[in-house]
1. Mind checking whether some residue in the range 22-32 is closer than 15 Å to L185 by Cα and either crowded, with 17+ Cβ neighbours inside 10 Å or in the same structural domain as V156 (by TED's automatic domain parsing) (or both)?
2. Just checking, how many residues over the range 113-131 are part of a helix (DSSP H, G or I) and touching a residue at least 40 places away in the same chain (Cβ under 8 Å)?
3. With the structure loaded, tell me whether A110 is modelled with pLDDT under 95, touching a helix residue (DSSP H, G or I) at 6+ places or on another chain (Cβ under 8 Å) and not in a strand (DSSP E or B) or whether it fails that test.
4. Can you tell which of A99, A134, A79, A141 is assigned by TED's automatic domain parsing to the domain that holds A46, part of a helix (DSSP H, G or I), buried (at least 19 other Cβ atoms within 10 Å of the Cβ) and of a type in the set (G, A, S)?
5. Name the residue, out of R18, R13, that is free of Cβ contacts under 8 Å to residues at least 60 places away in the same chain, surrounded by fewer than 18 Cβ atoms within 10 Å (Cβ to Cβ) and more than 30 Å from T153 (Cβ to Cβ).
6. Output the residue which, of all residues in the range 33-76 that are of a type in the set (D, E) and more than 22 Å from V204 (Cα to Cα), is surrounded by the most Cβ atoms within 10 Å (Cβ to Cβ).
7. Checking M35 against (1) in contact with a Lys or Arg (Cβ under 9 Å, 6 or more places away or on another chain); (2) of a type in the set (A, V, I, L, M, F, W, C); (3) modelled with pLDDT under 95, which test does it fail?
8. What pairs can you find where one residue is in the range 226-240 and under 15 Å from A250 (Cβ atoms), the other is β-branched (V, I, T) and assigned to a helix (DSSP H, G or I), and their Cβ atoms are less than 6 Å apart, with a gap of 6+ or different chains?
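The values are calculated or read from the model by the stated rules, or taken from the named source; none is laboratory data. As the structure is a prediction and not an experimental result, all values here were calculated from the model. Because the Cβ atoms are built from the backbone with ideal geometry, glycine has one as well, and the counts that use them run over all protein chains shown.
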Amino acid sequence: MNIIVCVKQVVARDWPTRVDAEGVWIREQEASFEMNEPDAYALEAALRFKEQHGGEVTVCSVGPARVTQVIREALARGADRAIHVVNDEAARMDAVGVARAVADAIKDEAVDLVLTGLQSDDHGFGQTGVTLSALLGLPHATIIMDVEVGDGTLRVKRELEGGWFQWVTLPLPALLTIQSGINQLRYATLKGIMAAKKKEIRVVEAASATDSRQRIVALYPPEKKKQTCFVGGTPPEIAKTLVRLLRDEARAF
């Protein structure tokens, strides 16, 4: 089974947000970066498929030169080779632009399965994988929690709202967007890190992001506000009001 996994480099979750001078993105030169968490679970799923059914795992990432950090990490974890779609403006690309860049880079690959994370930790569009499936002409399923591989088919478990799940069968080749928590992530070993240095990274020049259909007009950290609310009345009235405030305004449950 030949699998392509799309991975994205995002700002580390513990990095304090610092907006750039234009107010439309972060100060990248000061930021620390890591692999997008849902993409890490997609990579782990791909590596397990390879261990069970054979084949090859190729990672594909769009971004500037610093993206080689997550590419090397994916290779160290067990991916066989990588495709780096170079674009210095990737952070400002919308889901359609990223999907087009990936589609152009992998269109000549012989692929049985394409995996992406459900969404990215920075933009959170949740649309790149779906758009990519349309561009590649592949059937797709989203929010995947479990996968069973059959003879030329996949049976997948989708997470729905309200604690419900749905099982869907679709033919191969196909594209799946993977939910975080589908498996237990592995870490790169010293042997894997050394082997990654010798693995192929094919570099592809991407078109500019000027054709993006949307753009960020303002970016700012969440505003912190404090407010005191006094509740009066009889004990039953106070209890009823507190429940309403906690549920509807504080959203504590």
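1. Within the range 22-32, none of the residues are closer than 15 Å to L185 by Cα and either crowded, with 17+ Cβ neighbours inside 10 Å or in the same structural domain as V156 (by TED's automatic domain parsing) (or both).
2. Residues flagged as part of a helix (DSSP H, G or I) and touching a residue at least 40 places away in the same chain (Cβ under 8 Å) within the range 113-131 amount to 3.
3. no
4. A99
5. Of the residues listed, the single one that is free of Cβ contacts under 8 Å to residues at least 60 places away in the same chain, surrounded by fewer than 18 Cβ atoms within 10 Å (Cβ to Cβ) and more than 30 Å from T153 (Cβ to Cβ) is R18.
6. Here is the first cut: in the range 33-76, the residues of a type in the set (D, E) are 34, 37, 39, 44, 51, 56, 73.
Filter once more, so that each one left must be more than 22 Å from V204 (Cα to Cα): 37, 44, 51.
On the way: E37: 18, E44: 20, E51: 11.
It comes out as E44.
7. Every listed condition holds for M35 apart from (3).
8. Note: pairs meeting the criteria are V231/I238; V231/T241.
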